[in-house]
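First the structure, in the form of structure tokens, and then the observations on it.
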Amino acid sequence: MKTSMPMNQQLYFNDQAHIAEKFQMIEDHLSDASKMAILKIRNWKLVEHLPETNLRYQKHMHQTLFNVVPNEFILCEVGYHFSPVSN
């Protein structure tokens, strides 16, 4: 006989291994994203003296690195509004 868990019960409430693994995945992602940003900036500096390429690269940089994300979007993405806040 199967027992079902309530929908709102979290599977990993205090599971330290799960928390550590999730932290490591986020840390790796941030590290990779930072490296990619540095490479993009270095490439942009290499083509600064070429007017045609510089304009194209400048447009690309503004679309990828210099975009603004509202706070509400970030809070929704991490599920802030859907989970209770405990202090």
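The values are calculated or read from the model by the stated rules, or taken from the named source; none is laboratory data. What you see is a predicted model, and the numbers here were worked out from it, not measured in a lab. Keep in mind that these areas ignore ligands, DNA and RNA; they rest on the heavy atoms of the full protein, side chains included. Shrake-Rupley method; radii C 1.70, N 1.55, O 1.52, S 1.80 Å.
Observations
- Any chance Thr53 is open to solvent by less than 100 Å² (accessible area, probe 1.4 Å), of a type in the set (S, T, N, Q), farther than 26 Å from Val78 by Cα and modelled with pLDDT under 90: yes
- Selection status of Pro70, open to solvent by less than 90 Å² (accessible area, probe 1.4 Å) and either within 14 Å of the chain's Cα centre (by Cα) or modelled with pLDDT under 80 (or both): yes
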